[in-house]
Amino acid sequence: MKFIIKSILILLVVFQISVFGQKTQDDSLLTIANLEIYDNPEKSINIVKSLLKKEKDINKSVTLYMLLSTANIAQRNFDESLKYILKAKELAQKTSDLKTRTRVLVSVAIQYQQMELFSKSLETLDEAEQYLSQIPDNIPEKNLETARIYAIRGMIYKSQSNSEIALEKFLKSIESFEKIKSGETINANKSVVYYNIGYCYLNLNQNDKAERAFLQSISYAQKNKAKSLEAFALKGMAELYKQKRENQTALNLLIKAENLCKNTGDLVLNAGIYKEMADNYLAMRNQDLYQNYNRKYFEMQFRKQQNELNSINQVIDNHNKETLLKSKNLKNRHQLLMASAVGLGILIIAILLILVIKIRKQNKKYHKEIQQLIRS
């Protein structure tokens, strides 16, 4: 008997060690996937797909699908990115966790913003804010999602050439990020927001403030070892020097940016770098290099447009599915209301008939009683 108990205990210990070891290994892989998401998104995608195959928890699956979406955004593969973020949204609707629902909706809004579907992005942000308002103020995730919402709204205004309002949103985003304990995700987000702040100042001809913002963006990117984010900021700095007609300095920054983002596959970043390099070589009257980088720029633009077309088709399909579902729900609701109305009508008629029959019986009774009284 003692031997059996001892054997069971040994098996339990071995099982716990195995499970703990597996969990530790999965956590390590998830950390690697997060770290590589900007600089080597293909590696992140492969890791997350392997983790998804064995994940049973809904909230963790939502996180993994969101990571897949972000990694595909980094590659500007909007079609795949949209597929995964909509899967995350579908799973999030099965949980009552307000933080998860808010986080997913904000990510969906980012997706639409990246695809320049601004009305859909703003509509999704409004929906996210409804959940966000129900989260207590002392929860750290509330500041994080508030910061992300301001950042997305800022990006939309910036895309619409409204730099002053965009700048106001970005500065509020930074205020919310400052309330959160610094970490890799926060540093990456701050880098993105400062990069956009730099462009707003650049558009407003406030070059000194623009330079400080780009330097802040570089600093936060380096803290996070995010090479592609650093490349974006360097591209912004290069545009600043191009405006000053310091073309060689601008080119030096762009060459560094090009080397940093070799593994990202980011079509927008590469297109931006090639465009700036072509402009600077043209200003320096180097026709061969101008034509070379101008050709690369148009190749990137073509690939980006192809991805966007595929994604828009998916958005239309998804919109049609949502419309069909809403129509079906409305039809079901209408049928339910009609059935309820008919049922209520039948009930009222039945009650009235019962009352009529009851009153008639009472009248007959009273009539008999009166007749008896008259006869007596």
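The values are calculated or read from the model by the stated rules, or taken from the named source; none is laboratory data. Only a predicted model underlies this, so the values are computations on that prediction, with no experimental measurement involved. Methodologically, a virtual Cβ is constructed for each residue, glycine included, from the backbone with ideal geometry; neighbour enumeration extends over all protein chains shown. Keep in mind that these areas ignore ligands, DNA and RNA; they rest on the heavy atoms of the full protein, side chains included. Shrake-Rupley method; radii C 1.70, N 1.55, O 1.52, S 1.80 Å.
For the peptides 78-90, 126-138, residues were scored by their other Cβ atoms within 10 Å and the scores averaged per peptide; the highest-first order is 78-90, 126-138. Over all directions, average the projected area of the Cα convex hull of segment 55-208 and note it in nm². The orientation-averaged projected area of the Cα hull of segment 55-208 comes to 9.4 nm².
The C-alpha atoms of segment 160-291 occupy a region whose extents along the principal axes are 50, 32, 23 Å, arranged from largest to smallest. For segment 74-148, the extents of the C-alpha atoms along the principal axes are 36, 24, 20 Å, listed from largest to smallest. Taking the Cα centre of each part, how many Å lie between segment 90-127 and segment 189-235? A separation of 26 Å, based on Cα centres. Counting only protein heavy atoms and using a 1.4 Å probe, the accessible area of residue 218 comes to about 20 Å².
Once both labels are positioned 7 Å from their Cα atoms along Cα-to-Cβ, the gap between residue 161 and residue 97 label points is 4.4 nm.
Convex hull volume of the C-alpha atoms in segment 138-199, normalised per residue: 64 Å³.
Distance between the 7 Å Cα→Cβ label points at residue 346 and residue 212: 7.6 nm. Normalised by the number of residues in segment 52-200, the average gap of Cα pairs under 8 Å and 6 or more apart makes the relative contact order 15 percent.
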